[in-house]
Each structure stands twice: as structure tokens, then as C-alpha cells.
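The values are calculated or read from the model by the stated rules, or taken from the named source; none is laboratory data. Remember, it's a predicted structure, so these values are computed and weren't measured experimentally. When we count neighbours, we look across all protein chains shown, and the Cβ atoms used for this are built from the backbone with ideal geometry, even at glycine. In case anyone asks, the SASA skips ligands and DNA or RNA and just uses the protein heavy atoms, side chains included. Shrake-Rupley method; radii C 1.70, N 1.55, O 1.52, S 1.80 Å.
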There are 2 protein chains.
Amino acid sequence: MTTAQKEAHRVVIVGAGFGGLETVFGLAGAPVQITLVDRRNHHLFQPLLYQVATASLATSEIAWPIRYLVRARPDVTTLFANVTGVDAGQKRVLLDDGDALPYDTLVLATGARHAYFGHDEWEPFAPGLKTLEDATTLRRRILVAFERAERETDPARLAALLTFVIIGAGPTGVEMAGTIADLAKDTLAPDFRNIDTRKARVVLVEAGPRVLAGFPEDLSAYAQRSLEEIGVEVVLGQPVTECSADGVMFGGNWLDAKTIIWAAGVRASPAAEWLGVPADRAGRLEVLPDLTVPGHPDIFAVGDTVVIADANGKPVPGIAPAAKQQGRYVAALINARLNGRTLPPFRYKHAGSLAQIGKRKAVIDFGRIKLRGNLAWWIWGIAHIYFLIGLRNRLSVALSWLWIHARDQRAARLITQGSSKVVW
Amino acid sequence: MTTAQKEAHRVVIVGAGFGGLETVFGLAGAPVQITLVDRRNHHLFQPLLYQVATASLATSEIAWPIRYLVRARPDVTTLFANVTGVDAGQKRVLLDDGDALPYDTLVLATGARHAYFGHDEWEPFAPGLKTLEDATTLRRRILVAFERAERETDPARLAALLTFVIIGAGPTGVEMAGTIADLAKDTLAPDFRNIDTRKARVVLVEAGPRVLAGFPEDLSAYAQRSLEEIGVEVVLGQPVTECSADGVMFGGNWLDAKTIIWAAGVRASPAAEWLGVPADRAGRLEVLPDLTVPGHPDIFAVGDTVVIADANGKPVPGIAPAAKQQGRYVAALINARLNGRTLPPFRYKHAGSLAQIGKRKAVIDFGRIKLRGNLAWWIWGIAHIYFLIGLRNRLSVALSWLWIHARDQRAARLITQGSSKVVW
């Protein structure tokens, strides 16, 4: 800590996801000294993470070094470190190496992990999708299943290798199922000799009554029809009751499957535990209307690690625009407080929901306007490229998508972090 | 195996590097049934691997799924499998899962790994660079060193974190040293607050009397001068005698360094052991002038796993063009034999040697023509883009290089496969 840092109002922001980063951006020009801490060195564009898992995009196309993103901001120090707790009494963030970061204002933007709700033992068999490593792990498992199938002669084992089960039919599950179906049907088919990859089974299993439960019913029905058209088997109303290295059980039936993907739920980071404050069943911190933590007016929490109601009393969804709005609000409120003012409570404005279904379709719910099909897919694609950071990544993703759509060629079909030996 | 495969002449090719792949390409149209086996699912453009290790390129920009590269060739079956040996008596390649691949002609193109020549215990401290995982491991170590330095307050530990030692001043060592210097001086400098990355020490240690020993002396001298101009410390004639997690010993002196990179030597794959035939000190198979293995006229070996003399009695260098020429020769000889003919012995034609030195310089030795400096760098860059496979990767690499040179921004500064915790 330099002397200059000690004089300014110290803001510590934990987590450089959408919420944390937006707080930093919103504090530009404010008389504060910011420390941005993350246990990763990169900000991740999670909405496209499933495209890394399905070999469509490279890791570097959707991730940026955090300190690069704030390089022009001398008021921001980026730390690559693991936070282990908060000492709210002494106003310090505790790091795993014994260091502590003093703060005047703390912003917790620590996100969520996928969660198995009492079945943590399923994680090795049904990995989820939250980090770049999750994505390259899933990519490896999907690609290795096809490689193994190419050499398998036993029909039962072959069927299990060519069966892909996705658990959970929210946006991530729908997008994974659709893209794996495309991968099997278009990209991989000409490359194999002994198997017909087009015969791979992609099974999307959902405990609830419909896919994309957050969308209007007609868009859910359209999404289901579109998935079925590209060969995805949609199973509704059947919770998974068992998961192993060999398959899954749902609706009382066992399905042999070597690749199982978990898209059924998330659990918040331990931010609520750090502070010893109330959390909901998913571990999300119950913040006050100004996004402060109850009893801690100098601690804010934003994004997937919190639960808060919108104007209609419904929970604000765990999506990037919500986290960004919260980050912007917190930055504005910190600014206001430094000027001796305050702000009315946070109000979430829902801009819309989007989900891609397979290669050339999407559904979009803008509230009054609902879109589906090819036009929705174009808007989906343009919106996602727009929200990427920097011209280089925009060009690179556009180039990758061009190749996928024009030539069915996916650039990132790499099995790494393990030779052919290291799976199963 | 289908019936059709049993009827044709069966060629098994082990390894889909430059040599193996070129053999496949050369056999297009031949009345053969090819099985291409590799323990990786991707062909790797090794000449640019150091750019992945230094965050300049993404893994998918220099690697292609093998079966994608031969998708238009129904005569080629690609297998993702580990070869454990060759049963030359029964003419079968043995796989680690107990399977065996019968062959009429076998081509061993199994490459080389970096080697420590009696000091295997150095590997954890001084990783080398041969695979994509090697490259992402080095990238992680280099980037984590700067991250750790940003938080270090002890001057001695800080100096060790900002000292990068590259052992071996062949092309890989020179290219790594130059690029790390650029990374520290240009790309990273604006992103850090507590350290001045431009003060990082990059030390290139070579046991022999000059850098780039395979090049003419004037180009070696130029390369050394150019490295020194961008701040690389070049140490010649001093073999490394000790390596640990804390540094290296050379010339009787100890240097504290947290990042050590091994570029001092390679060892051939165990192909010679599989066959029980003579090998040189580096494990390279001593093939006959027609690239067959002594005593095994139906087994060829090509690329880095063999040693053979050129027309001047000098060993053919372990570079991509040499492996490709050998692959093409083997394909032609297999073709000739199937037509009851033979071919004169293999003759290596040396097209030239190239090495990049830092961001905008290179040396090129075309024999009669020698080039250095900026023009050489342009030729180096164009040649490497030309030799990449496919328009997409060419565009993508060109885009990445444009950003590096116009904006000092390296796209792939990602620390993956391990959180901030997992190093040291």
C-alpha cells in the first residue's frame, strides 16, 4: 500500500465477473482507490461458455485478462488471490496467504457455482459449466466419447458412448443439447469411419414441466419442437434420481450414457457464510433494497451471489444484464455517498431473455415483443458479439461463427489436459 | 476392420505430426487402406508453439483435429489411441488397451520429447515445450510469476519472481527469450501497479559458444545483439549444473529464478526400443538410406524419431520441412513398391532455417541468401502463415499478430488449469 492509497476512500471489489467489473467501470473518476480481487486472472463471458464446451469457440475468444481491462485506470489495483473470508469488524478482506485487504467499502461480486443439491457425489459423473476449465473438461469428455465409440465393437458400450444426457433444460441445458446435436450431425459426421455420429442420442432431461421455464409458454413449446427437429430427445417432468459413470436414472428408468452434463442448478459463493448473514436455499445472500448486506451498510453484494426481488416481487434472474445493472447501481451509490447523498433503492429493468437453439434458431423474449426462429438467431448472434469486449474478440468470434455456419467446421475440437488414457 | 480393409494393402502410420501426415497426403489415390494412430486428437504446428507459451496465440490457432484433416479420404481411418509397442514378427502394432493393428507396411512418425540427459529430476522446475499442454503450462507459470510479483514485498523473492531463465539457445530458446522480453516490456507494463514489468530479467543460458548454433556465425552474432538490445541477458559457454524450484546454477554461480524453461534438448520417442534396433544417444533410430529400419524392410521411420545423414554427411535437422520431405518420400516409395518398382535413396533438400527474435526481427539462412532484421521478420511471418492449414487459422493468426504488433495486446493471457493456488 502506498501513501496515496491510504488517503483515498478504499473500495475492495471481490470478483471480476459482470457485476464486479461494472462496479469498477462505474467508479471511473470517483475519489476512490480500488482493489479488484479475483482468484482467476480473467474475466469470462459466461453466456458463450457452452460454445467452448462444444468446441465452437476457443477459450481466449471469451476471456480477457482482468488487469488488461482496467489497464487505463491508475486508481485500480488488480490482485490475483483467493479470498477466504471477511473480517467485518476490522473491515478487512482475508486472503488465503494470510494477507488482509483493508476496505472502507466492500463489494462482493463472487458469483455462483453449479450445485448438486445434496448429491455432490454426482459431480465427477455429471460435470457442470461455470469456468473455462469446466468448459474444456466437458469438451474433452464429449470429444473423447466419439473417439472411444469409433473403436468400440460391443453394441451396448457403443450405445452408451454415443448417448449424451443433459440434465436441466434452462438456457444452458437447451444450448448445450442443441449444439451437441449439431456437432454430431454436421461437424463430426464426415470425420468418422466406423460409427455414424448422426445416430448419437442427445437426451435433455428436465424435472419441471417445460424447457426454458423462464420464457413464455409459447416460446418454450417452440424451443422444444425445434430441439426435437434436430434430434434432441426432450424428457420433461422427470427428475434425475441417480447418476454414475455408466448412466442416469430418471422416471424410474435407467439410461446407459457415458457423457452426462449438469445444467440443473447453481449455488451461490460462500459470501453469506463469510459474513454470517441469512441466505436462501441456494446460498444467496438476502440483500437490502440498496444492495447492502443487512447490518453492514458498508458492504454491498451483487450478481449471482445475491437474491433480491424486482418491482413485481419476482426474484431478479441470475443473468449478466442483472449483475451489470447492480454493479452500476452500487458504483452510483458509492459515488453519491462520497458526496453526502444517497439514492433510491435498486430497480431491476429486464431487457429481455435470449437462448440459442441449435445452429440457426433462437428464442427472444423482450416482454411485449417475442421472437423466434432465424431472425431471432441473428439478433441473438449480433447481441452477443456486441457485448463481447474489444474489436479483436468480436472479429475472432465472428470468424469462428462464419466457419461453423458456412462449413460446419468448429475450430476448437481439441482434446487437451489428458491424453487418450485419462478419461474413464 | 471391414472386409474392404482386409483386401487392400494395409498401411499403419503412428503419429500425425508433419512426417506422418505428409505420408498420408502422399498416399492419396494409392491402393492402400491407411490407419493413422495418434495419442492426441490433434495435429500440432510446433514451429509456433512458443507463441502459445507466451500468450500470443490460442491453442486452437495452431492445432487441428487429425480426423478433420483427413475427412475427405475414405481410405484413412483415424484412431485416438496409445501405441505401446510393435510386434514385428506378427506385423502388428500393439495398443495399450490390448488391441493390435495388423499392418503390411508400418510408418513410425512418433517424434520426440524434450529431454534432460540424466537430469530428469529437473523437469518439474524447468518444463519444456513439445505439446499444447506444455505450452499452456509454461504460459501459466510465466503469467503467474508476474501476478505473484505484483503482491510480493520481499525484494529477494520479488527478484526471483521477475527472473526468467531459458536454458538452451537454439531457435526455441531464442524465440522464447525474445517473446518473454517483449511480453514484459510492452504487453504487461501498463497493466501492473506495484511492479515495473520492464525490469524483469530474461536470461538465456547456453552451454555452447553461440546462440542459434545451426545458423551461420554472422547471423548468430546478429541474433545475440538483437536479443541484448531488447534486454535479454545472453550467457554462453556455461552449462547448467543444477536446477531447483528456486533457481539455476551455471558457471559456478547460482541465480535465483522462479521461472525456468528447458529448451536444451530432445529425446526421440521409444520407437527404437519398440523394435529393439540401434539408436543414437538421443534415442533416434538409425534408418537406412530408404528410411526403412535395418532388418525391417516393411517398417519406415521418419521425422524427429530418426537420425540420417544428408548428402554432406551432416545429420538432417529435426525440423518440420525435413519430416515432411521424409513423409513424402516414404509415400512415394510405398507407391512404387506396390507397382513393383523402387526408388533411389532419400535425399534431404535444406530449404532454409528461420528464427524470430523478439517482435519485429528474424534471421533467415537460405544457404546462399542470408537475411536479418525487419524484412526477414516479414518473410518469417508470411512463411509461417502460409504453412498453417486452412484459411480460417491463417486469418485468425494474422488477426492475432496484427493486434500484437499494432496494440501490444496478446489475446491468450489466460491462466487456466489451476487457480491462483496451484503453482509452487
* **Scattering profile of the range B:214-335 at q = 0.13, 0.16, 0.18 Å⁻¹ [log10 I(q)/I(0), Debye over alpha-carbon scatterers]** => -0.75, -0.92, -1.01
* Asked: In percent, how large is the relative contact order of chain A, given Cα pairs closer than 8 Å and 6 or more residues apart?
  -> 19 percent
* Rounded to the nearest 5, what is the percent of antiparallel bridges among the DSSP beta bridges in chain B? -> 50 percent
* Cα Rg, Dmax, the range A:166-285, angstrom units -> 17.0, 58
* Quarter of the Cα convex hull surface for the range B:103-145, i.e. its orientation-mean projected area (nm²) -> 4.4 nm²
* Take every residue in peptide A:341-348, count the Cβ atoms of other chains within 10 Å of its Cβ, and give the average of those counts. => 0
* To do: Over chain B, average the accessible area per residue using a 1.4 Å probe and give it in Å², no decimals.
  => 39 Å²
* What accessible surface, in Å², does a 1.4 Å probe find on A:MET249, ignoring ligands, DNA and RNA and rounding to the nearest 10? -> 60 Å²
* Using the charge dipole of the range B:117-256 (Lys, Arg: +1 at Cβ; Asp, Glu: -1 at Cβ; taken about the Cα centre), state which of B:THR179, B:PHE146, B:ALA135 has its Cα farthest towards the positive end. => B:PHE146
* Asked: What gaps in nm, shortest first, separate B:ILE369 from its twins in the other copies when you place the label 7 Å past Cα toward the beta carbon?
  -> 5.7
* Summarise the accessible area of the range B:220-280 (1.4 Å probe, protein heavy atoms) by the percent that is carbon and sulfur. => 51 percent
* How do A:LYS370, B:LYS258 rank by accessible surface area computed with a 1.4 Å probe, from largest to smallest? -> A:LYS370, B:LYS258
* List the distances, in nm and shortest first, from the label point of B:ALA221 to the matching label points in every other copy, placing each point 7 Å from Cα along the Cα-to-Cβ direction. => 8.3
* At a probe radius of 1.4 Å, figure out the B/A buried accessible area, summed over both chains, and give it in Å² to the nearest 100. => 5500 Å²
* May I have the pair-distance distribution P(r) for the range B:297-369, computed from all Cα-Cα distances with 5 Å bins from 0 and rounded to whole percent? => 3, 14, 20, 21, 16, 11, 7, 4, 2, 1, 0
* At q = 0.11 Å⁻¹, base-10 log of I(q)/I(0) for the protein assembly as shown (Debye sum, equal scatterers on each alpha carbon) -> -1.35
* If you place +1 on the Cβ of every Lys and Arg and -1 on the Cβ of every Asp and Glu, how big does the dipole about the Cα centre of chain B come out, in debye to the nearest 20? -> 1180 debye
* Cα centre as origin, Lys/Arg/Asp/Glu Cβ charges: the range B:1-159 dipole, Debye -> 320 debye
* To do: Using the 7 Å Cα-to-Cβ label point, sort the distances from A:GLY313 to its equivalents in the other copies shortest first and give them in nm to one decimal.
  => 9.6
* Might you work out the accessible area of A:ASP310 for me, using a 1.4 Å probe with all protein chains in place, and round it to the nearest 10 Å²? => 30 Å²
* Asked: Hey, if you put +1 on the Cβ of every Lys and Arg and -1 on every Asp and Glu Cβ in the protein assembly as shown, which of B:VAL165, B:ASN374, B:ILE261 ends up farthest toward the positive end of that dipole?
  -> B:ASN374
* Structure fact -> A correct Kirkwood calculation over the Cα atoms of chain A returns a hydrodynamic radius in Å of 22.7 Å
* To do: Measure out, as a whole number of angstrom, how far apart the alpha-carbon centroids of the range A:58-103 and the range B:276-347 sit.
  => 55 Å
* Accessible-area ranking of B:SER400, B:SER244, largest first, probe 1.4 Å -> B:SER244, B:SER400
* Structure fact -> Over 24 Å (Cα to Cα) among B:LYS199/B:LYS258; A:LYS130/B:LYS258; B:LYS130/B:LYS258 -> A:LYS130/B:LYS258
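Would you mind computing the Rg to Rh ratio of the range B:245-297 from its alpha-carbon coordinates, Kirkwood style for Rh?
Values: Rg = 18.2 Å, Rh = 14.1 Å.
Computed over Cα atoms, the ratio is 1.29.
Treating only the Cβ of Lys, Arg, Asp and Glu as charged (+1, +1, -1, -1), what charge dipole size does the range A:130-177 show about its Cα centre? Round to the nearest 20 debye. Provide the component values of the computation, followed by the final result.
Working: 7 positive and 7 negative charges, 15 e Å.
Computed charge dipole of the range A:130-177: roughly 80 debye.
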* Structure fact -> Among residues of chain B, the one whose beta-carbon sits nearest the axis that rotates B onto A, given with its distance in integer Å, is B:ALA58, 2
